[in-house]
Amino acid sequence: MPLNFIALGAGFALVYLAMIATGRPAEGDWLRSAAKTAATIPLVTAGLATGAPGLIVIGLGLGAAGDWLLSRPGKAMFLAGMAAFALGHIAYALHFFAVLPPKPPVETVWQLCAILVFAILWRSTEGWLIPHTKDLRWPVRGYAAVILVMGCVAFLLPAHPQTHGAAFIRLGVSLFILSDALLALNLFLALKPALRQALSLTLWPAYWGGQALILAGATLYAAPFGR
């Protein structure tokens, strides 16, 4: 049954990707909003069906709400969508904190490199992003800080020999952060329409795939630890 929900979500994700590829206008389009949200709601249902950790399911639900809100026109909707996603990142981070050992080890150099990359990306936003956000600079700064914390905690999770859950979580979180960076470029920088569409075609699979991998990874990771 959970695989059916994942397949349903993937189907709607492809429908939404096709809408982007055909250049269907996004502003105020109810069908695009519906397809986008319908792609992520089944991930929430799959999480409930598999007994995924509660905070992960909450994070997915907040992401689905954010998908709807960000797809609607107006500054108020944008801020509400950003807040929903920020709370979703916080839910993920709280879950990752909860399953961390008292002294989390950095087992590989790649973990350290990833954390360093996240920190550099966060710091670099003051140069390439914040100057373009105008009166949204502090909400964007706050959102970027939340992402940084969530990503770093995810990469501190120790691996378990019986599962690839930690690897799935790390890949999912990386894709999610990539999608957020691409979305920031699309929203705030004056880019040509063709480049905007290319970024949208890239960020959507990264976002949806990242969410699905976080769900799968957190479910697998919880099993051997009894959490």
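Rolled with a 1.4 Å probe across the full set of protein chains, the surface gives D67 an accessible area near 0 Å².
The share of C-alpha pairs in region 1-50 whose separation exceeds 14 Å stands at 50 percent. Counting only protein heavy atoms and a probe of 1.4 Å, the accessible surface of the chain is 75% carbon and sulfur. The lysine pair count for the chain, using Cα distances under 27 Å and pairs eight or more places apart or on different chains, is 5.
Of the Cα atoms belonging to region 120-227, the radius of gyration and Dmax stand at 15.9, 50 Å. Using heavy atoms of the protein chains and a probe of 1.4 Å, the accessible area assigned to F97 is about 110 Å². The alpha carbon centroids of region 90-159 and region 160-208 are separated by 14 Å. The length gained by stretching the chain between K192 and A145 to full extension, at 0.36 nm per residue less their Cα-Cα distance, is 14.1 nm. Of the residues V99, V146, ranked by 1.4 Å probe accessible area with the largest first, the sequence reads V146, V99. When all protein chains stay in place and ligands, DNA and RNA are ignored, the 1.4 Å accessible-area order of F168, F118, largest first, is F168, F118. In the set (1) 31, 22, 18; (2) 28, 22, 15; (3) 44, 27, 16, which value of semi-axes √(5λ) of the Cα gyration tensor in Å was calculated from the structure you see? Checking each listed value against the structure points to (2).
The values are calculated or read from the model by the stated rules, or taken from the named source; none is laboratory data. The shown structure was predicted, so the numbers you read here are calculated from the model rather than taken from an experiment. When the accessible area is computed, the model is the full protein with side chains, heavy atoms only, and any ligands, DNA or RNA have been set aside. Shrake-Rupley method; radii C 1.70, N 1.55, O 1.52, S 1.80 Å.
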